[in-house]
Amino acid sequence: MTDKINTTFRAIGLMSGTSGDGVDAAYIETDGHNFVQAGEAITLPYTSDFRRRLLAVMGKPDDPALPGIEAELTDLHAQAVNILLTQIDKRADEINIIGFHGQTIFHDATNRKTLQIGGGAALAAATGINVVNDFRSADVVAGGQGAPLVPLYHAAIAREWEKPCAIINIGGVANVTYLNGDDIIACDTGPGCALIDDAMQELFGMPHDMDGGIAAMGTVNETVLTEWLSDEFFTAPAPKSLDRNHFRNLIKIDDLMPDEAIATLTEFTARGIAKSAALFPAPPAIWIVTGGGRKNQHLMARIAAACAAPVRDINDMKYDGDALEAQAFAYLAVRHKLNLPLSLPTTTGVPAPMRGGKFYAARAEV
């Protein structure tokens, strides 16, 4: 076990995922290596109006509404920082760095393009704290997938966990980190909750299938599901990544009953996750689930059935599944400060361990 011999930094991470429902802000103390002490976290939900306007520009990097939405989004992130500072009883000058993921609007790693909106300089000015953002661009430009970026954080917190293990993050898109000894393998697995949420809004006027109750009432349409699972993404080797809208032209639910549609979309997420096991050297002994999708108990049961292995909520491992991605970007911001890699050939497909992120100073370095 590595001793805590490095400088410890105080960092805040900010995450707004592909579900586009709000900002997660989390405080950690870390050396950027193996020491992590997770602190408190908060969520600042978006208003329904802002969420609607944000989702409307997804996949549209040239939309004229983007500058205004980016300014609003940055202000909301600054509000989240200030709320968290109050909660942890710290001043801005006691925080070393903010890791600001921003909001992914467009991601096409094949053509080396990715866009996360959010003004790093504006956030640094608004909070008085140094900021690192634009974590994905350098990886994508170098030929990597630019995602997922959380695996190094997963490895840091999972050193004592049973191996081999797979950590699944279920947001709008789902991704996996496989850990076994020195092996760190990662990729997106397919849809997370974005397709389910969109269908719930369309069919039921509700943002989510709380606890999977609608899906549990429906019957999976295996014919339709087989067609969806035939998408070439599922047979592509790792590393690989997805844009939120990758399956948009494939997924047709007009001919399905409403509860049948939700059941089939939920199973689509579960089986996409299970298919990732074929990419690993050995089957995971345990699957640990983080992100908002872990709250859908029907989805959790379907993952366990599809993977034929134990599935646990990461909260059982003493980590907050709502805050983990925000924590990860705080950790990555510290690694940027230390000139350490943020991604690896086995996590994003980048040719060599890759540094990344852009730094914006709010004050003299501390």
Tell me, please, whether a residue that is of a type outside the set (D, E, K, R) and open to solvent by 20 Å² or more (accessible area, probe 1.4 Å) can be found in the range 20-29.
-> no
Number of positions in the range 212-232 that are surrounded by 19 or more Cβ atoms within 10 Å (Cβ to Cβ) and in contact with a Phe, Trp or Tyr (Cβ under 8 Å, 6 or more places away or on another chain) = 2
Take Phe50 and decide whether it is open to solvent by less than 20 Å² (accessible area, probe 1.4 Å) and under 22 Å from the mean Cα position of the chain (by Cα).
-> yes
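Each row is one residue, and each column tells you yes or no for (1) part of a loop (DSSP other than H, G, I, E, B); (2) farther than 22 Å from Val140 by Cβ.
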| residue | (1), (2) |
| --- | --- |
| Pro64 | yes, yes |
| Asp75 | no, yes |
| Gln79 | no, yes |
| Asn82 | no, yes |
| Phe100 | no, no |
| Gln103 | no, no |
| Phe106 | no, no |
| Gln116 | no, no |
Among the residues of the range 1-18 satisfying the criterion of being touching an Asp or Glu at 6+ places or on another chain (Cβ under 6 Å) and farther than 12 Å from Ala328 by Cα, which is least open to solvent (accessible area, probe 1.4 Å)?
-> Thr8
Only one of (1) buried (at least 22 other Cβ atoms within 10 Å of the Cβ); (2) part of a loop (DSSP other than H, G, I, E, B); (3) not polar (S, T, N, Q) does not apply to Leu265, and that is (2)
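Here are Gly218, Gly212: which of them is closer than 15 Å to His298 by Cβ, touching a His at 6+ places or on another chain (Cβ under 6 Å) and modelled with pLDDT of 95 or more?
Gly212
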Would you please name the residue that is least open to solvent (accessible area, probe 1.4 Å), looking only at residues in the range 301-331 that are in contact with a strand residue (DSSP E or B) (Cβ under 6 Å, 6 or more places away or on another chain), assigned to a helix (DSSP H, G or I) and closer than 18 Å to Thr266 by Cα?
-> Ile303
Answer with yes or no whether Ile167 is part of a strand (DSSP E or B), of a type outside the set (Ser, Thr, Tyr), more than 25 Å from Cys193 (Cα to Cα) and under 21 Å from the mean Cα position of the chain (by Cα).
-> no
Sole exception among (1) in a loop (DSSP other than H, G, I, E, B); (2) under 29 Å from Asn82 (Cα atoms); (3) open to solvent by 10 Å² or more (accessible area, probe 1.4 Å) for Trp161, by number | (2)
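The values are calculated or read from the model by the stated rules, or taken from the named source; none is laboratory data. Model, not experiment: these values are computed from the prediction. No Cβ is skipped: glycine too gets one built from the backbone with ideal geometry, and neighbour counts run over all protein chains shown. In case anyone asks, the SASA skips ligands and DNA or RNA and just uses the protein heavy atoms, side chains included. Shrake-Rupley method; radii C 1.70, N 1.55, O 1.52, S 1.80 Å.
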